[in-house]
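Everything below concerns the one structure shown next.
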Amino acid sequence: MPLHDFPVRASIAVTDIAHAAEFYETKLELPRLFTSPSAQIEEGGRVYGSAGGPALNVFQTETAGTATSTMATWYVDDLDAVVDELTAAGVEFLRYDGLEHDERGITDRAGGGRLAWFADPDGNVFAVESDD
């Protein structure tokens, strides 16, 4: 059975599940689908939904925040509106040296389209991206 026959979710490590839950549930407005144990931590894991299905496994661990690459990307229809909504909720967009960003942090994507990056409280990097 090839892997492309199965759904996939991103796994995001955080240092404090309660603090992370506030970010994912309040600022990003992702629905919590369920809570589970994570290693030795009762209710140390959360699964958040996006586009009608499970999308992110968020779990508490001591190794959180060590990855510097983009953990997950949301592909959106109206990047400007999404960036404006997230900014109004208190999400700060990242700017990278060597890339030109507009005043909101949006940059052109190689090959066409645009994108913007933000980080959660542990420094896990996410992107929102559109083809426009």
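None of the figures in this text is laboratory data; all of them are computed from the coordinates on show. All of these numbers come straight from a predicted model, not from anything done at the bench.
Using only Cα atoms and rounding to the nearest 10 degrees, what angle (0 to 90) does helix 79-88 make with the longest principal axis of the chain?
60
In whole Hz, with x marking every Gly and Pro, tabulate ³J(HN,Hα) for the stretch 13-29 from phi via Karplus 6.51 cos²θ - 1.76 cosθ + 1.60, θ = phi - 60°.
After applying 6.51 cos²θ - 1.76 cosθ + 1.60, I find 8, 10, 8, 9, 4, 5, 5, 5, 4, 4, 5, 5, 8, 9, 6, 8, 6 Hz.
Could you give the length gained on full extension between V76 and T15, defined as 0.36 nm per residue of separation minus the Cα-Cα distance, in nm?
19.1 nm
So if each residue of separation counts as 0.36 nm, and I subtract the Cα-Cα distance between E22 and R109, what length gain in nm does that give?
28.3 nm is the gain from fully extending E22 to R109.
Provide the per-residue ³J(HN,Hα) series for the stretch 71-78, in order, calculated from phi with Karplus coefficients 6.51, -1.76, 1.60 and θ = phi - 60°, each as a whole number of Hz, with x at glycine and proline positions.
7, 7, 10, 9, 9, 10, 7, 10
In whole Å, what are the Cα extents of the chain along the three principal axes, biggest one first?
44, 37, 24
Residue separation times 0.36 nm, minus the C-alpha to C-alpha distance between Y96 and S50: what's the value?
Extra length from Y96 to S50 when fully extended: 13.9 nm.
Could you state, as a whole-number percent, how many of the C-alpha pairs of the stretch 35-84 are farther apart than 13 Å?
For the stretch 35-84, the share of Cα pairs beyond 13 Å comes to 70 percent.
Antiparallel as a % of all DSSP beta bridges within the chain, to the nearest 5?
Around 70 percent of the beta bridges assigned by DSSP in the chain are antiparallel ones.
Could you work out the relative contact order of the chain, using alpha carbon pairs under 8 angstrom and six or more residues apart, expressed as a whole percent?
24
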